[in-house]
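Undergrad: Right, I'll just put the structure down here and ask away after.
Nothing in this text is a laboratory measurement; each read-out follows from the coordinates by a stated rule. Only a predicted model underlies this, so the values are computations on that prediction, with no experimental measurement involved. Counting neighbours? That spans all protein chains shown, and the Cβs are built from the backbone with ideal geometry, glycine included.
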Amino acid sequence: MFPDVKIRDLKRQIEIAALVYEKQGCYSKLDLAELLIVSEPRIHRDVADLRALGVGIYSRKQRFHIDGSEKIISRLIKLLIVLSDAENGSRLVPDCCVKNSKTLKHIAGLNRAINASKVVQIEYRSDWREVLPAGLYEYSGRYYLLAVYHKNLMSFPLDSIQDIRYPDRKFSPDAIHGIPETVKLLWGQHAEGTEHDVKLLFDRSALPLVRNRVFAEGQSCREIRNGYEVRFTAKLTYEFIAWILGWGKTVTVLEPAELKDIIIRTSREIIETYETAPATNAYATPARGTRHHAPSFN
């Protein structure tokens with residue numbers, strides 16, 4: 001869907017922004033390279049790409065700082081959500097400004113752990129707990145971690161988590177099978193609005209990911225000649241739309257027409273963001289004579 005966009009690079013760049021934003025003047029290029037397991041030249045290019053996207057990141061005495069508001073970082077995270085690939089399944093749903101730097105750091109780190117199916121250890125109410133992260137969601141302006149703890153599905157407010165450790169241990173996705181898919185469509189469904197009859201068609205390349213999956217209560221599914229058809233009712237919330245965009249070209253919205261229009265409009269806005277990026281942006285190579293302008297997040 002977005003061939004010139006390197007999603008993995010964008011995720012790492014957002015994590016760099018989160019780390020630097022929380023601890024101004026703490027990290028050097030070498031520190032970030034060791035934390036994210038990449039080379040120093042890669043960090044140098046990531047910083048250049050962040051600047052091209054409008055993030056005021058700079059180095060002073062070989063330590064990084066960021067100028068700007070939390071709104072800028074929140075907009076980057078929103079961009080990450082809609083571009084996340086379907087195989088990993090974008091499970092982040094923030095649509096408002098991140099409240100503080102600790103929350104921002106937690107969102108970036110947990111997103112990486114969720115997509116990699118890795119265990120995390122959280123300090124919650126002065127007690128350390130090892131959990132299997134299944135997703136992140138927002139409700140009434142507050143962010144929550146959805147995770148399995150002692151075989152029970154639990155929800156932890158991010159602003160109540162004092163610290164997080166990442167022990168670099170994977171867990172079997174079967175341990176949380178069905179949880180993220182069921183919850184994703186519930187996110188935002190508590191809001192006011194009209195429910196719509198939704199019909200989606202996944203192409204055959206997505207069959208291993210969608211066959212026999214429960215995406216919503218009361219759904220109906222059938223495998224047809226050209227793919228896998230899924231029907232259910234849902235409100236057209238931001239969270240739901242972001243989930244559909246995460247599947248890229250593997251899914252087609254058949255109904256309702258209003259949802260199709262939203263997907264088309266949002267996709268064009270994302271493409272425009274990258275088409276208007278300056279030539280220093282590593283994601284695209286402009287044609288000779290073409291003038292590009294960085295998107296503004298202010």
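Undergrad: Taking K and R as +1 and D and E as -1, what net charge do the other residues with C-beta under 15 Å from the C-beta of ARG63 add up to?
TA: Net charge around ARG63: -1.
Undergrad: As a footprinting exposure proxy, order VAL20, VAL198 by other Cβ within 10 Å, with the fewest listed first.
TA: VAL198, VAL20
Undergrad: If you average over every viewing direction, what projected area does the convex hull of the Cα atoms of region 185-274 give, in nm²?
TA: 6.2 nm²
Undergrad: Hey, with R₀ at 35 Å, roughly what FRET efficiency would ARG125 and GLU195 work out to, going by the Cβ-Cβ distance, to 0.05?
TA: Given R0 = 35 Å and the Cβ-Cβ separation, E is 0.40.
Undergrad: Quick one: net charge of GLU15's neighbours, Cβ under 12 Å, K/R +1, D/E -1?
TA: Result for the local shell: +2.
Undergrad: For region 226-276, what is the Kirkwood hydrodynamic radius in Å, using each pair of distinct C-alpha atoms?
TA: About 12.0 Å, per the Kirkwood formula over Cα pairs.
Undergrad: Report the FRET efficiency, 1/(1 + (r/R0)^6), for ILE37 and GLN162, where r is their Cβ-Cβ distance and R0 is 25 Å, rounded to 0.05.
TA: 0.45
Undergrad: Further question: At a Förster distance of 25 Å, what's the computed FRET efficiency of THR276 paired with ARG8, Cβ-Cβ distance as r, to 0.05?
TA: 0.65
Undergrad: Using only the Cα atoms, work out Rg/Rh for region 1-68, with Rh taken as the Kirkwood radius, to two decimals.
TA: Rg divided by Rh gives 0.96.
Undergrad: On a full-extension model of 0.36 nm per residue, what is the gain between ARG169 and ARG225, subtracting their alpha-carbon distance, rounded to one decimal in nm?
TA: 16.1 nm
Undergrad: Something else now. What nm value, rounded to one decimal, do you get for the distance between GLU258 and GLN24 when each label is placed 7 Å out toward the C-beta?
TA: 4.4 nm
Undergrad: Express the relative contact order of region 1-68 as a whole percentage, based on alpha carbon pairs under 8 Å and six or more residues apart in sequence.
TA: Value for region 1-68: 35 percent.
Undergrad: Sticking with this structure for a sec: How charged is the neighbourhood of GLY227? Take every other residue with its Cβ under 11 Å from the Cβ of GLY227, and add Lys/Arg as +1 and Asp/Glu as -1.
TA: Around GLY227, the surrounding residues sum to +1.
Undergrad: Using the structure shown, list the pairs from LYS29/LYS105; LYS61/LYS118; LYS235/LYS260 with a Cα-Cα distance above 24 Å, or answer none.
TA: Going by Cα-Cα distance, LYS61/LYS118 fall outside the 24 Å limit.
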